[in-house]
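Novice: I have a structure I would like to understand better, so I am pasting it below and will then ask my questions one at a time.
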(Lines give C-alpha, C1' and ligand atoms only; values in the text may rest on other atoms or scores of the structure.)
Protein backbone atom coordinates (compact mmCIF):
# COMPACT_ATOMS: atom_id res chain seq x y z
CA UNK A 1 0.00 0.00 0.00
CA UNK A 2 1.32 3.39 -0.96
CA UNK A 3 1.86 6.04 1.71
CA UNK A 4 -1.06 8.40 2.33
CA UNK A 5 -1.31 11.76 0.66
CA UNK A 6 0.89 14.43 2.16
CA UNK A 7 -0.81 17.47 3.70
CA UNK A 8 -1.20 20.40 1.30
CA UNK A 9 1.57 22.94 1.35
CA UNK A 10 0.95 26.48 2.60
CA UNK A 11 -0.70 28.83 0.15
CA UNK A 12 2.41 31.00 -0.27
CA UNK A 13 4.38 28.07 -1.76
CA UNK A 14 1.84 27.74 -4.61
CA UNK A 15 1.47 23.93 -4.64
CA UNK A 16 -1.88 22.53 -5.92
CA UNK A 17 -3.70 19.32 -5.18
CA UNK A 18 -3.09 18.01 -8.68
CA UNK A 19 0.67 18.23 -8.06
CA UNK A 20 0.35 15.67 -5.22
CA UNK A 21 -2.03 13.28 -6.98
CA UNK A 22 -0.44 10.72 -9.24
CA UNK A 23 -1.54 7.60 -11.10
CA UNK A 24 -1.53 4.46 -8.92
CA UNK A 25 -1.70 6.37 -5.65
CA UNK A 26 -4.05 4.96 -2.98
CA UNK A 27 -6.59 7.35 -1.45
CA UNK A 28 -8.27 6.62 1.88
CA UNK A 29 -6.71 3.18 1.86
CA UNK A 30 -9.14 1.73 -0.74
CA UNK A 31 -9.26 3.83 -3.93
CA UNK A 32 -6.47 3.65 -6.52
CA UNK A 33 -6.19 6.77 -8.69
CA UNK A 34 -6.19 6.12 -12.43
CA UNK A 35 -6.24 9.59 -14.03
CA UNK A 36 -7.32 13.20 -13.55
CA UNK A 37 -10.71 13.87 -15.17
CA UNK A 38 -10.96 17.62 -14.72
CA UNK A 39 -10.09 20.65 -12.64
CA UNK A 40 -12.42 23.49 -11.71
CA UNK A 41 -12.37 26.70 -9.74
CA UNK A 42 -12.66 24.92 -6.40
CA UNK A 43 -11.53 21.34 -6.81
CA UNK A 44 -10.22 18.52 -8.93
CA UNK A 45 -11.96 15.30 -9.97
CA UNK A 46 -10.04 12.06 -10.58
CA UNK A 47 -11.04 8.63 -11.84
CA UNK A 48 -10.25 5.86 -9.38
CA UNK A 49 -11.01 2.20 -8.80
CA UNK A 50 -11.95 0.43 -5.59
CA UNK A 51 -9.14 -1.88 -4.56
CA UNK A 52 -11.37 -4.72 -3.34
CA UNK A 53 -14.55 -4.33 -5.46
CA UNK A 54 -12.80 -3.32 -8.70
CA UNK A 55 -15.55 -0.75 -9.21
CA UNK A 56 -14.75 2.46 -10.99
CA UNK A 57 -15.64 5.67 -9.14
CA UNK A 58 -14.95 9.39 -9.33
CA UNK A 59 -13.35 11.22 -6.40
CA UNK A 60 -13.63 14.96 -5.91
CA UNK A 61 -11.08 16.91 -3.89
CA UNK A 62 -10.91 20.57 -2.89
CA UNK A 63 -7.99 22.69 -4.05
CA UNK A 64 -5.47 23.62 -1.32
CA UNK A 65 -6.29 27.32 -1.55
CA UNK A 66 -9.93 26.56 -0.76
CA UNK A 67 -9.33 24.65 2.46
CA UNK A 68 -9.13 27.80 4.51
CA UNK A 69 -12.52 29.04 3.32
CA UNK A 70 -15.16 27.68 5.71
CA UNK A 71 -18.02 28.54 3.35
CA UNK A 72 -16.42 26.54 0.53
CA UNK A 73 -15.83 23.54 2.76
CA UNK A 74 -19.43 23.77 4.01
CA UNK A 75 -20.66 23.88 0.43
CA UNK A 76 -18.58 20.77 -0.36
CA UNK A 77 -20.27 18.77 2.39
CA UNK A 78 -23.68 20.20 1.58
CA UNK A 79 -23.32 18.95 -1.98
CA UNK A 80 -22.61 15.46 -0.66
CA UNK A 81 -25.56 15.53 1.75
CA UNK A 82 -28.03 16.86 -0.81
CA UNK A 83 -27.02 14.38 -3.50
CA UNK A 84 -27.14 11.50 -1.00
CA UNK A 85 -30.68 12.40 0.11
CA UNK A 86 -32.06 12.41 -3.45
CA UNK A 87 -32.75 8.84 -4.54
CA UNK A 88 -33.08 9.25 -8.30
CA UNK A 89 -31.43 7.64 -11.29
CA UNK A 90 -31.11 11.15 -12.76
CA UNK A 91 -28.85 12.38 -9.95
CA UNK A 92 -25.22 11.32 -9.63
CA UNK A 93 -24.99 9.06 -6.59
CA UNK A 94 -22.64 9.75 -3.68
CA UNK A 95 -21.02 6.61 -2.22
CA UNK A 96 -18.76 8.04 0.46
CA UNK A 97 -17.46 11.26 1.96
CA UNK A 98 -14.69 11.88 4.44
CA UNK A 99 -11.42 13.59 5.21
CA UNK A 100 -7.86 12.63 4.55
CA UNK A 101 -5.24 12.58 7.27
CA UNK A 102 -4.35 16.19 6.53
CA UNK A 103 -8.00 17.23 6.95
CA UNK A 104 -8.75 17.74 3.25
CA UNK A 105 -12.32 16.60 2.44
CA UNK A 106 -13.08 14.19 -0.40
CA UNK A 107 -16.24 12.86 -1.97
CA UNK A 108 -16.65 9.52 -3.77
CA UNK A 109 -19.16 9.81 -6.63
CA UNK A 110 -20.69 7.60 -9.27
CA UNK A 111 -18.39 7.40 -12.29
CA UNK A 112 -20.12 8.82 -15.36
CA UNK A 113 -18.85 8.03 -18.83
CA UNK A 114 -20.25 10.60 -21.23
CA UNK A 115 -20.38 14.32 -21.94
CA UNK A 116 -22.27 17.27 -20.51
CA UNK A 117 -24.81 19.26 -22.52
CA UNK A 118 -22.55 22.30 -22.87
CA UNK A 119 -19.95 20.21 -24.73
CA UNK A 120 -22.76 18.56 -26.72
CA UNK A 121 -24.03 21.97 -27.87
CA UNK A 122 -20.50 23.09 -28.74
CA UNK A 123 -19.95 20.00 -30.91
CA UNK A 124 -23.38 19.49 -32.52
CA UNK A 125 -25.27 22.77 -32.24
CA UNK A 126 -29.00 22.99 -31.54
CA UNK A 127 -30.84 19.78 -30.72
CA UNK A 128 -34.04 18.50 -32.37
CA UNK A 129 -37.17 19.54 -30.53
CA UNK A 130 -38.08 16.04 -29.36
CA UNK A 131 -34.61 15.32 -27.99
CA UNK A 132 -34.36 18.70 -26.26
CA UNK A 133 -37.75 18.19 -24.59
CA UNK A 134 -36.75 14.67 -23.54
CA UNK A 135 -33.56 15.95 -21.88
CA UNK A 136 -35.41 18.71 -20.04
CA UNK A 137 -38.11 16.29 -18.81
CA UNK A 138 -35.40 13.97 -17.42
CA UNK A 139 -33.89 16.94 -15.64
CA UNK A 140 -37.37 17.77 -14.31
CA UNK A 141 -37.53 14.31 -12.70
CA UNK A 142 -34.33 14.96 -10.77
CA UNK A 143 -35.41 18.51 -9.85
CA UNK A 144 -38.81 17.20 -8.71
CA UNK A 145 -37.09 14.69 -6.39
CA UNK A 146 -35.02 17.55 -4.98
CA UNK A 147 -38.00 19.90 -4.57
CA UNK A 148 -39.98 17.18 -2.84
CA UNK A 149 -37.24 17.12 -0.19
CA UNK A 150 -37.21 20.92 0.06
CA UNK A 151 -33.95 21.32 -1.90
CA UNK A 152 -33.55 24.09 -4.50
CA UNK A 153 -30.61 23.49 -6.87
CA UNK A 154 -29.95 27.16 -7.82
CA UNK A 155 -27.19 26.26 -10.33
CA UNK A 156 -28.91 24.39 -13.15
CA UNK A 157 -27.09 24.85 -16.48
CA UNK A 158 -26.08 22.70 -19.46
CA UNK A 159 -22.67 22.02 -17.87
CA UNK A 160 -24.42 20.40 -14.88
CA UNK A 161 -26.57 18.11 -17.04
CA UNK A 162 -24.45 15.07 -17.91
CA UNK A 163 -25.36 12.68 -20.74
CA UNK A 164 -24.65 8.97 -20.22
CA UNK A 165 -25.73 6.01 -22.31
CA UNK A 166 -27.76 3.33 -20.56
CA UNK A 167 -27.51 -0.39 -21.18
CA UNK A 168 -30.48 -0.24 -23.57
CA UNK A 169 -28.75 2.38 -25.71
CA UNK A 170 -30.90 5.33 -24.59
CA UNK A 171 -29.36 8.56 -23.32
CA UNK A 172 -29.96 9.40 -19.67
CA UNK A 173 -29.48 12.82 -18.06
CA UNK A 174 -27.71 13.13 -14.71
CA UNK A 175 -27.96 16.34 -12.68
CA UNK A 176 -24.69 17.33 -11.03
CA UNK A 177 -23.37 19.87 -8.52
CA UNK A 178 -25.78 20.41 -5.64
CA UNK A 179 -23.09 22.47 -3.92
CA UNK A 180 -25.05 25.73 -3.73
CA UNK A 181 -28.40 24.05 -3.18
CA UNK A 182 -30.71 25.58 -0.61
CA UNK A 183 -32.97 23.90 1.94
CA UNK A 184 -36.34 25.63 1.97
CA UNK A 185 -37.08 24.57 5.55
CA UNK A 186 -33.81 26.07 6.81
CA UNK A 187 -33.54 29.75 5.84
CA UNK A 188 -29.98 30.84 5.28
CA UNK A 189 -28.66 27.30 4.86
CA UNK A 190 -27.78 27.91 1.23
CA UNK A 191 -24.96 30.45 1.74
CA UNK A 192 -21.99 29.24 -0.32
CA UNK A 193 -19.90 30.10 -3.34
CA UNK A 194 -19.44 28.87 -6.89
CA UNK A 195 -16.50 30.14 -8.96
CA UNK A 196 -15.83 33.41 -7.16
CA UNK A 197 -16.62 34.97 -3.83
CA UNK A 198 -19.13 37.46 -5.33
CA UNK A 199 -21.46 35.27 -7.37
CA UNK A 200 -23.68 32.38 -6.35
CA UNK A 201 -24.75 30.46 -9.44
CA UNK A 202 -24.12 30.78 -13.17
CA UNK A 203 -25.15 34.26 -14.35
CA UNK A 204 -26.40 33.19 -17.79
CA UNK A 205 -29.04 30.94 -16.18
CA UNK A 206 -29.86 32.91 -13.02
CA UNK A 207 -33.33 34.34 -12.42
CA UNK A 208 -33.88 38.04 -11.65
CA UNK A 209 -34.68 37.32 -7.99
CA UNK A 210 -31.50 35.25 -7.65
CA UNK A 211 -29.47 38.26 -8.83
CA UNK A 212 -31.15 40.36 -6.13
CA UNK A 213 -30.83 37.84 -3.29
CA UNK A 214 -29.81 34.21 -3.57
CA UNK A 215 -31.11 33.55 -0.04
CA UNK A 216 -34.74 34.45 -0.79
CA UNK A 217 -35.36 32.25 -3.84
CA UNK A 218 -37.69 29.27 -4.06
CA UNK A 219 -38.31 26.43 -6.48
CA UNK A 220 -39.37 28.81 -9.26
CA UNK A 221 -35.77 29.93 -9.73
CA UNK A 222 -35.04 26.38 -10.95
CA UNK A 223 -37.96 26.69 -13.38
CA UNK A 224 -36.31 29.82 -14.82
CA UNK A 225 -33.04 27.88 -15.24
CA UNK A 226 -34.82 24.97 -16.94
CA UNK A 227 -36.48 27.41 -19.35
CA UNK A 228 -33.09 29.00 -20.11
CA UNK A 229 -31.61 25.54 -20.73
CA UNK A 230 -34.47 24.61 -23.07
CA UNK A 231 -34.03 27.93 -24.88
CA UNK A 232 -30.35 27.17 -25.48
CA UNK A 233 -30.96 23.54 -26.46
CA UNK A 234 -33.30 24.50 -29.31
CA UNK A 235 -31.44 27.66 -30.44
CA UNK A 236 -27.79 26.95 -29.46
CA UNK A 237 -27.73 30.41 -27.84
CA UNK A 238 -28.45 31.56 -24.27
CA UNK A 239 -31.56 33.72 -23.79
CA UNK A 240 -29.51 36.71 -22.60
CA UNK A 241 -25.86 37.52 -23.24
CA UNK A 242 -23.57 40.41 -22.32
CA UNK A 243 -19.91 41.25 -21.92
CA UNK A 244 -20.10 41.91 -18.16
CA UNK A 245 -22.08 40.45 -15.31
CA UNK A 246 -23.62 43.84 -14.49
CA UNK A 247 -24.87 44.32 -18.04
CA UNK A 248 -26.23 40.77 -18.04
CA UNK A 249 -28.10 41.35 -14.75
CA UNK A 250 -29.72 44.51 -16.16
CA UNK A 251 -30.83 42.70 -19.31
CA UNK A 252 -32.32 39.80 -17.36
CA UNK A 253 -34.16 42.14 -15.00
CA UNK A 254 -35.47 44.71 -17.50
CA UNK A 255 -35.20 43.78 -21.17
CA UNK A 256 -37.83 41.54 -22.81
CA UNK A 257 -36.92 38.02 -23.80
CA UNK A 258 -35.66 37.66 -27.40
CA UNK A 259 -38.00 35.30 -29.21
CA UNK A 260 -36.46 31.86 -29.84
CA UNK A 261 -37.87 31.99 -33.39
CA UNK A 262 -35.25 34.62 -34.22
CA UNK A 263 -32.67 31.81 -34.20
CA UNK A 264 -34.91 28.81 -34.98
CA UNK A 265 -37.92 29.94 -37.06
CA UNK A 266 -39.38 26.43 -37.22
CA UNK A 267 -40.19 26.26 -33.49
CA UNK A 268 -43.88 25.56 -32.72
CA UNK A 269 -45.82 28.42 -31.20
CA UNK A 270 -46.79 26.30 -28.20
CA UNK A 271 -43.16 25.51 -27.34
CA UNK A 272 -42.27 29.21 -27.59
CA UNK A 273 -45.09 29.94 -25.11
CA UNK A 274 -43.70 27.34 -22.67
CA UNK A 275 -40.23 28.87 -22.82
CA UNK A 276 -41.64 32.37 -22.42
CA UNK A 277 -43.65 31.31 -19.35
CA UNK A 278 -40.53 29.82 -17.73
CA UNK A 279 -38.61 33.05 -18.31
CA UNK A 280 -41.16 35.48 -16.93
CA UNK A 281 -39.65 38.26 -14.82
CA UNK A 282 -42.07 37.75 -11.93
CA UNK A 283 -41.97 34.32 -10.23
CA UNK A 284 -45.78 34.32 -9.82
CA UNK A 285 -46.22 34.33 -13.61
CA UNK A 286 -44.11 31.22 -14.17
CA UNK A 287 -45.22 27.62 -13.85
CA UNK A 288 -46.13 26.83 -10.24
CA UNK A 289 -43.84 23.75 -10.19
CA UNK A 290 -41.84 21.48 -12.47
CA UNK A 291 -44.84 19.16 -12.79
CA UNK A 292 -46.79 21.93 -14.55
CA UNK A 293 -43.76 22.61 -16.77
CA UNK A 294 -43.45 18.94 -17.71
CA UNK A 295 -47.18 18.74 -18.43
CA UNK A 296 -46.92 21.77 -20.74
CA UNK A 297 -44.14 19.98 -22.66
CA UNK A 298 -46.35 16.94 -23.27
CA UNK A 299 -47.44 17.88 -26.86
CA UNK A 300 -43.79 18.18 -27.95
CA UNK A 301 -42.38 15.13 -26.15
CA UNK A 302 -41.53 11.83 -27.86
CA UNK A 303 -43.81 8.87 -27.00
CA UNK A 304 -41.27 7.38 -24.57
CA UNK A 305 -41.05 10.61 -22.58
CA UNK A 306 -44.69 10.71 -21.48
CA UNK A 307 -44.08 8.20 -18.69
CA UNK A 308 -41.45 10.55 -17.28
CA UNK A 309 -43.91 13.46 -17.37
CA UNK A 310 -46.42 11.44 -15.35
CA UNK A 311 -43.67 10.49 -12.93
CA UNK A 312 -42.81 14.16 -12.28
CA UNK A 313 -46.44 14.80 -11.30
CA UNK A 314 -46.55 11.73 -9.05
CA UNK A 315 -43.33 12.76 -7.26
CA UNK A 316 -44.57 16.23 -6.36
CA UNK A 317 -48.31 15.70 -5.98
CA UNK A 318 -47.89 12.38 -4.21
CA UNK A 319 -46.14 13.96 -1.24
CA UNK A 320 -49.39 15.31 0.26
CA UNK A 321 -51.08 11.95 -0.08
CA UNK A 322 -48.19 10.19 1.67
CA UNK A 323 -48.12 12.73 4.48
CA UNK A 324 -51.86 12.41 5.09
CA UNK A 325 -51.87 8.62 4.98
CA UNK A 326 -50.93 8.05 8.67
CA UNK A 327 -53.74 10.33 9.81
CA UNK A 328 -56.27 8.51 7.64
CA UNK A 329 -55.19 5.10 8.97
CA UNK A 330 -56.87 5.54 12.35
CA UNK A 331 -60.66 5.10 12.21
CA UNK A 332 -63.09 7.47 13.91
CA UNK A 333 -64.45 6.50 17.28
CA UNK A 334 -67.82 5.44 15.84
CA UNK A 335 -66.43 3.16 13.11
CA UNK A 336 -65.57 -0.50 13.14
CA UNK A 337 -62.62 -2.09 11.35
CA UNK A 338 -62.99 -5.19 9.18
CA UNK A 339 -59.78 -6.99 8.29
CA UNK A 340 -59.69 -8.51 4.81
CA UNK A 341 -57.06 -10.09 2.63
CA UNK A 342 -56.06 -6.71 1.23
CA UNK A 343 -56.00 -4.75 4.46
CA UNK A 344 -58.34 -3.12 6.93
CA UNK A 345 -61.49 -1.44 5.66
CA UNK A 346 -63.43 0.86 7.95
CA UNK A 347 -67.22 0.55 7.94
CA UNK A 348 -69.70 2.80 9.71
CA UNK A 349 -72.25 0.88 11.85
CA UNK A 350 -75.90 1.85 11.63
CA UNK A 351 -76.73 4.15 14.51
CA UNK A 352 -80.25 4.33 16.03
CA UNK A 353 -82.27 7.19 14.66
CA UNK A 354 -83.20 9.89 17.14
CA UNK A 355 -86.05 12.27 16.69
CA UNK A 356 -85.80 15.66 18.24
CA UNK A 357 -88.69 17.33 20.05
CA UNK A 358 -89.10 19.83 17.22
CA UNK A 359 -89.57 17.09 14.63
CA UNK A 360 -92.12 15.37 16.86
CA UNK A 361 -94.18 18.56 17.19
CA UNK A 362 -94.01 19.11 13.44
CA UNK A 363 -95.26 15.59 12.69
CA UNK A 364 -98.07 15.92 15.24
CA UNK A 365 -99.20 19.25 13.79
CA UNK A 366 -99.24 17.84 10.27
CA UNK A 367 -101.37 14.87 11.37
CA UNK A 368 -103.79 17.16 13.21
CA UNK A 369 -104.16 19.37 10.12
CA UNK A 370 -104.77 16.37 7.89
CA UNK A 371 -107.41 15.06 10.31
CA UNK A 372 -109.21 18.42 10.34
CA UNK A 373 -109.29 18.50 6.54
CA UNK A 374 -110.76 15.01 6.38
CA UNK A 375 -113.47 15.87 8.92
CA UNK A 376 -114.38 19.05 7.03
CA UNK A 377 -114.61 17.12 3.80
CA UNK A 378 -116.81 14.51 5.42
CA UNK A 379 -119.23 17.20 6.64
CA UNK A 380 -119.33 18.91 3.24
CA UNK A 381 -120.06 15.61 1.47
CA UNK A 382 -123.22 14.97 3.53
CA UNK A 383 -121.90 12.96 6.42
CA UNK A 384 -120.85 9.93 4.42
CA UNK A 385 -118.83 7.56 6.54
CA UNK A 386 -115.14 7.47 5.89
CA UNK A 387 -114.20 3.99 4.89
CA UNK A 388 -110.98 2.46 6.01
CA UNK A 389 -108.43 1.76 3.36
CA UNK A 390 -106.98 -1.62 2.65
CA UNK A 391 -108.51 -5.07 2.45
CA UNK A 392 -111.21 -4.17 5.08
CA UNK A 393 -112.90 -1.76 2.63
CA UNK A 394 -115.46 -4.27 1.33
CA UNK A 395 -116.48 -5.44 4.81
CA UNK A 396 -116.90 -1.84 5.99
CA UNK A 397 -119.10 -0.94 3.02
CA UNK A 398 -121.23 -4.08 3.42
CA UNK A 399 -121.89 -3.18 7.05
CA UNK A 400 -122.67 0.48 6.26
CA UNK A 401 -125.11 -0.08 3.35
CA UNK A 402 -128.71 -1.37 3.93
CA UNK A 403 -129.05 -5.09 3.70
CA UNK A 404 -130.67 -6.44 0.55
CA UNK A 405 -132.18 -9.89 0.87
CA UNK A 406 -130.51 -12.34 -1.41
CA UNK A 407 -132.16 -15.54 -2.50
CA UNK A 408 -130.88 -18.57 -0.74
CA UNK A 409 -128.80 -21.02 -2.70
CA UNK A 410 -131.49 -23.68 -2.26
CA UNK A 411 -134.23 -21.66 -3.99
CA UNK A 412 -132.25 -19.93 -6.78
CA UNK A 413 -130.61 -21.17 -9.87
CA UNK A 414 -128.14 -18.24 -10.36
CA UNK A 415 -124.53 -19.31 -10.71
CA UNK A 416 -121.88 -18.30 -8.22
CA UNK A 417 -120.33 -15.86 -10.71
CA UNK A 418 -123.58 -13.88 -10.91
CA UNK A 419 -123.76 -13.64 -7.13
CA UNK A 420 -120.14 -12.34 -7.00
CA UNK A 421 -120.88 -9.78 -9.74
CA UNK A 422 -123.93 -8.54 -7.88
CA UNK A 423 -121.92 -8.18 -4.68
CA UNK A 424 -119.21 -6.25 -6.50
CA UNK A 425 -121.83 -3.94 -8.06
CA UNK A 426 -122.88 -2.75 -4.59
CA UNK A 427 -119.30 -1.97 -3.48
CA UNK A 428 -118.48 1.70 -4.20
CA UNK A 429 -115.10 2.63 -5.62
CA UNK A 430 -112.48 4.35 -3.41
CA UNK A 431 -112.88 7.55 -5.49
CA UNK A 432 -116.59 7.67 -4.66
CA UNK A 433 -115.85 7.61 -0.93
CA UNK A 434 -113.42 10.57 -1.10
CA UNK A 435 -114.72 14.10 -0.38
CA UNK A 436 -115.59 16.17 -3.38
CA UNK A 437 -112.93 18.79 -2.70
CA UNK A 438 -110.21 16.10 -2.73
CA UNK A 439 -111.12 14.82 -6.19
CA UNK A 440 -108.80 16.14 -8.86
CA UNK A 441 -110.01 16.84 -12.39
CA UNK A 442 -108.71 14.49 -15.04
CA UNK A 443 -105.56 15.69 -16.73
CA UNK A 444 -106.01 17.50 -19.97
CA UNK A 445 -104.87 15.67 -23.04
CA UNK A 446 -101.60 16.91 -24.39
CA UNK A 447 -102.14 19.34 -27.22
CA UNK A 448 -100.14 18.62 -30.33
CA UNK A 449 -97.46 21.20 -30.84
CA UNK A 450 -98.09 23.36 -33.86
CA UNK A 451 -95.31 23.11 -36.35
CA UNK A 452 -93.38 26.31 -36.70
CA UNK A 453 -92.96 27.56 -40.24
CA UNK A 454 -89.51 27.35 -41.61
CA UNK A 455 -87.51 30.37 -42.64
CA UNK A 456 -88.30 29.87 -46.32
CA UNK A 457 -92.04 29.77 -45.64
CA UNK A 458 -91.81 32.97 -43.60
CA UNK A 459 -89.97 34.72 -46.43
CA UNK A 460 -92.59 33.63 -48.98
CA UNK A 461 -95.38 34.79 -46.68
CA UNK A 462 -93.80 38.23 -46.29
CA UNK A 463 -93.34 38.57 -50.03
CA UNK A 464 -96.96 37.69 -50.72
CA UNK A 465 -98.18 40.07 -48.04
CA UNK A 466 -96.13 42.90 -49.54
CA UNK A 467 -97.56 42.12 -52.96
CA UNK A 468 -101.10 42.20 -51.58
CA UNK A 469 -100.45 45.55 -49.91
CA UNK A 470 -99.01 46.89 -53.14
CA UNK A 471 -102.11 45.88 -55.12
CA UNK A 472 -104.43 47.39 -52.52
CA UNK A 473 -102.50 50.65 -52.61
CA UNK A 474 -102.73 50.83 -56.38
CA UNK A 475 -106.49 50.23 -56.28
CA UNK A 476 -107.00 52.95 -53.70
CA UNK A 477 -105.05 55.39 -55.81
CA UNK A 478 -107.11 54.64 -58.91
CA UNK A 479 -110.31 55.14 -56.98
CA UNK A 480 -109.13 58.49 -55.65
CA UNK A 481 -108.37 59.64 -59.18
CA UNK A 482 -111.86 58.76 -60.42
CA UNK A 483 -113.78 60.55 -57.70
CA UNK A 484 -113.36 64.16 -58.97
CA UNK A 485 -114.55 63.23 -62.45
CA UNK A 486 -117.64 61.52 -61.04
CA UNK A 487 -118.54 64.60 -59.02
CA UNK A 488 -118.40 66.81 -62.12
CA UNK A 489 -120.46 64.37 -64.16
CA UNK A 490 -117.75 63.77 -66.69
CA UNK A 491 -117.28 60.06 -66.04
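Novice: Looking only at segment 242-270, filter to residues that are in a loop (DSSP other than H, G, I, E, B) and in contact with a helix residue (DSSP H, G or I) (Cβ under 7 Å, 6 or more places away or on another chain); which one of those is surrounded by the fewest Cβ atoms within 10 Å (Cβ to Cβ)?
Specialist: Ranking the qualifying residues of segment 242-270, first place goes to 268.
Novice: Now for a separate question. Do we find that residue 163 is at pLDDT 90 or above and either part of a strand (DSSP E or B) or over 25 Å from residue 236 (Cβ atoms) (or both) in this structure?
Specialist: Spelling it out, residue 163 is indeed at pLDDT 90 or above and either part of a strand (DSSP E or B) or over 25 Å from residue 236 (Cβ atoms) (or both).
Novice: Could you count how many residues in segment 296-320 are crowded, with 16+ Cβ neighbours inside 10 Å and without any contact (Cβ under 8 Å) to a residue 40 or more places away in the chain?
Specialist: 2
Novice: Report yes if residue 67 is in the same structural domain as residue 97 (by TED's automatic domain parsing), without any contact (Cβ under 8 Å) to a residue 60 or more places away in the chain and closer than 28 Å to residue 151 by Cβ, otherwise no.
Specialist: Against the criterion (in the same structural domain as residue 97 (by TED's automatic domain parsing), without any contact (Cβ under 8 Å) to a residue 60 or more places away in the chain and closer than 28 Å to residue 151 by Cβ), residue 67 qualifies.
Novice: May I pose another question? Scan (1) in a helix (DSSP H, G or I); (2) modelled with pLDDT under 85 for the single condition residue 121 breaks and write down its number.
Specialist: Tallying (1) in a helix (DSSP H, G or I); (2) modelled with pLDDT under 85, residue 121 fails exactly one: (2).
Novice: Tally time: how many residues in segment 201-214 are over 17 Å from residue 178 (Cβ atoms) and assigned to a helix (DSSP H, G or I)?
Specialist: 6
Novice: Do we have residue 172 as more than 26 Å from residue 291 (Cβ to Cβ), at pLDDT 90 or above and in contact with a helix residue (DSSP H, G or I) (Cβ under 9 Å, 6 or more places away or on another chain) here?
Specialist: No; evaluated as a whole, the condition is false for this residue.
Novice: May I pose another question? Looking at segment 271-304, which of its residues are in a helix (DSSP H, G or I), closer than 19 Å to residue 232 by Cβ and over 12 Å from the mean Cα position of the chain (by Cα)?
Specialist: Answer for segment 271-304, where residues must be in a helix (DSSP H, G or I), closer than 19 Å to residue 232 by Cβ and over 12 Å from the mean Cα position of the chain (by Cα): 271, 272, 273, 274, 275, 276, 277, 278, 300.
Novice: Still on this structure, please answer the following. Is it true that residue 84 is part of a helix (DSSP H, G or I) and either surrounded by fewer than 23 Cβ atoms within 10 Å (Cβ to Cβ) or assigned by TED's automatic domain parsing to the domain that holds residue 291 (or both)?
Specialist: yes
The values are calculated or read from the model by the stated rules, or taken from the named source; none is laboratory data. It should be emphasised that the depicted structure is a prediction, and the values quoted were computed from it without experimental measurement. Note that each Cβ is placed from the backbone with ideal geometry, even for glycine, and that neighbours are counted across all protein chains shown.
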